Amino acid sequence: MENEKILELKKIATEIRLGAVEAVFNAKSGHPGGALSSADILACLYFNELNVDVSNPKWEDRDRFVLSKGHSCPGLYSALALKGYFDKEELKSFRHTGALLQGHPDMKAINGVDMSAGSLGQGFSCACGMALAGKLNNKSYRTYALVGDGESQEGQVWEAIMFASHYKLDNLCMIIDNNGLQIDGRVSDVMNVMPYESKLEAFGWNVISIDGHNIAQILDAFKKAKEVKGKPTAIVAKTIKGKGVSFMEDQASWHGKAPNEEQYNIAVSELTAYKNSLGGNN
Amino acid sequence: MADKIATREAYGNALAEFGATNENIVVLDADLAEATKTCVFKKQIPERFFDCGIAENNMVSVAAGLSTCGKIPFVSTFAMFAAGRSFEQIRNSIGYPHLNVKICATHAGISVGEDGATHQCNEDIGLMRTIPGMVVINPSDGVEAREAVKAAIDYNGPVYIRFGRLALPIINDNDSYKFEIGKAIKMADGKDVTIVANGMMVAEALEARKILAEEGISASVINAHTVKPLDAKTIVDDAKITGAVVVSEEHNIIGGLGSAVAEAIAESYPVPVVRHGVNDVYGKSGPAKELIEYYELNAKGIVDKVKKALSLKK
């Protein structure tokens, strides 16, 4: 049973990757690298963890998710489309003039997007506000935020880390997509913000380190995070930028670039082959 | 009511007054509660007051998150750190999604006094009014400050309200007074020149009107408490009668009410518009009352600008 769930989530993660690549290809712009690195986390969130109601996107008791690293939205949009928040066809007009799917998440227009984000550092603070509101309103919902490792160079992220700890927001879970790359190169070379674990612990957080592509570890981390009271939890997820598309993997140059047709076809065939290798009904 | 009260004082009192019955109101401050007067709310309703420490950018975005869950957050710090430091958080976290957050900034303008240029924000109105969908209000006394807070609570969307440090005379304590967002108040009629003002300059404009009357010049006075949306109709209609406009504000002459009025007049009924305010310079340290004289942010300064406007009349 447990293995079946993991297999299913692996397939969904691959579907998310296929949708993200399709969106970026059709847009001829966008950010595939971080979308691919976070796809397994998104699959676990939207298809196992989050208590949401697709037919009632603004349901006040729903779990919240904020994509603070908003540029990775091809992954989020792909997950939301798979979940049924909007037609999958919308992915093809991502970033097009007048289309639904904006270059960065827009909560006003897009069902399932809990916060407009994209200017780095801000979305995570917004998630802190949602978690605080949950406490004030005696709601049991949880708030999740996906933060980039490069993003955490923003001072505001650490203001928010301080805030969440001070107000004991144990209903808040931050996931760091630690893919190690940003536009200008390796995070450790551009401006080394690591190690996260000891810094977060010093700020009073519960910290769980995982392989961000290991479904069982992701699910287990979410479970453990819920059990910790009195402090927020950070899941530091080691990931590979561009995961699943061989020529994009661990390449900073694929942070914000669209594949050409030939590259797109290779990406689709690689992801499809992987999905087929997982067996079952496709 | 006291003869004089700072608008920040009226703000703190209004928060406590309306917060008592509206449980959705939450107040965030950045280590300045005693100065911004959110301490009045804090003392009365501590469970809905959140000190965010000296970390304004996080505070503004936290407020955005709170508002998505039905809260009505009031965010307070000095104007320099709200509109200035956190401009982009206000623009992207609050403005773009049009969230129901009230940014209530105190210690605006030269009248901050001794703290000097680093703390005297003369740019906030200009910054805030460039944000699409943002309501921008600069109340003229304690009565109007309370009404502005009330109106902001009733309005669903982002609002920036500017409050001052200095005690101001009460000028709106009459039965006919009515505050409405985006509706300027005609304080006095005139034939020769229209004086448009807001904040502490409204009382000075009324004083200037008296001085001008002694010289045989008839000035109307309009209190444009809401800079955005600007009540262009009231201002333009009056300009059609007088044929000349002076705009007075405790703000840089670039970007604020003066610019807003000049834009409205230029686009619909061009007549001379002369701006009175801080003349594109930084402030200085000194007692507020001395600085007001130094920068001529007073009736005398307005009278001089009226003379200039009249000389430009065709």
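Read-outs throughout are calculated quantities, based only on the coordinates presented, and are distinct from any laboratory measurement. Here the structure is a predicted model, which means the values were calculated and not measured. In this analysis, Cβ positions are derived from the backbone assuming ideal geometry, glycine residues included, and neighbour counts consider all displayed protein chains.
Annotations
- Shielding by partners, peptide A:101-108 (average Cβ within 10 angstrom, other chains): 2
- Taking a straight Cα-Cα cut-off under 18 Å and skipping sequence neighbours fewer than 8 places away in the same chain, the aspartates and glutamates within cross-link reach of residue B:284 are B:114, B:115, B:123, B:124, B:249, B:250, B:293, B:296.
- DSSP beta bridges in the range B:69-224 [antiparallel fraction, %, rounded to 5]: 15
- Antiparallel DSSP beta bridges within the range B:185-312, as percent of all bridges there, nearest 5: 20
- Of the residues B:121, A:175, A:200, the one whose Cα sits farthest towards the positive end of the charge dipole of the protein assembly as shown is A:175 (charges of +1 on Lys and Arg Cβ, -1 on Asp and Glu Cβ, taken about the Cα centre).
- Between the C-alpha center of the range B:291-314 and that of the range A:37-91 there is a gap of 58 Å.
- Here the gap between residue A:135 and residue A:183, fully extended at 0.36 nm per residue and compared with their Cα-Cα distance, gives a gain of 13.6 nm.
- The distance from the alpha carbon centre of the range B:149-169 to that of the range B:40-95 is 14 Å, rounded to a whole number.
- Residue order, fewest to most surrounding Cβ atoms within 10 angstrom, among A:274, B:11: A:274, B:11
- Links that overshoot a 32 Å alpha carbon limit, given the list A:88/A:238; A:231/B:228; A:223/A:257; B:37/B:71; A:223/B:42; A:224/B:71: A:231/B:228; A:223/A:257; A:223/B:42
- Dipole magnitude of the protein assembly as shown, debye to nearest 20 (Cβ charges: Lys/Arg +1, Asp/Glu -1, about Cα centre): 480
- Label-reachable residues, the range B:123-155, where backbone N falls under 18 Å from a point 7 Å from residue B:98's Cα toward its Cβ: B:129-136, B:152-155
- Prolate/oblate/rounded call for the range A:145-282, Cα gyration tensor, a/c under 1.5 rounded: oblate
- Estimated from the Cβ-Cβ distance and a Förster radius of 22 angstrom, the FRET efficiency linking residue A:87 and residue A:276 is about 0.30.
- DSSP H segments from chain A that extend 18 Å or more along their own axis, Cα-based, with Kyte-Doolittle mean of 0.0 or above: A:2-27, A:122-136
- Axis of helix B:201-214 versus longest Cα principal axis of chain B: the two differ by about 20°, to the nearest ten degrees.
- Shape of chain A, Cα gyration tensor, a/c cut at 1.5: rounded
- Listed peptides B:245-252, B:29-36 by packing density, highest first (mean Cβ within 10 Å): B:245-252, B:29-36
- Shielding by partners for peptide A:129-139, expressed as the average number of C-beta atoms from other protein chains within 10 Å of each residue's C-beta, is 6.
- Rounded to whole Hz, the Karplus (6.51, -1.76, 1.60) HN-Hα couplings of the range A:95-111, x for glycine and proline: 6, 7, 4, x, 7, 5, 7, 6, x, 9, x, 10, 5, 6, 9, 9, 4
- Sorting the segments B:46-54, B:120-128 by their residues' average number of neighbouring beta-carbon atoms within 10 angstrom, most packed first, yields B:120-128, B:46-54.
- Estimated vicinal HN-Hα couplings, Hz - the range B:20-34 in sequence order (Karplus 6.51, -1.76, 1.60; Gly, Pro = x): 5, 9, 10, 6, 6, 6, 10, 10, 10, 9, 10, 6, 9, 4, 5
- Rounded to 0.05, the FRET efficiency of the residue B:115 and residue A:216 pair, given R0 = 45 Å and the Cβ-Cβ distance, is 0.20.
- For residues of B:67-79, the mean tally of beta carbons on other chains within 10 Å: 3
- Label-point separation in nm, residue A:201 to residue A:269, each point 7 Å along Cα→Cβ: 4.7
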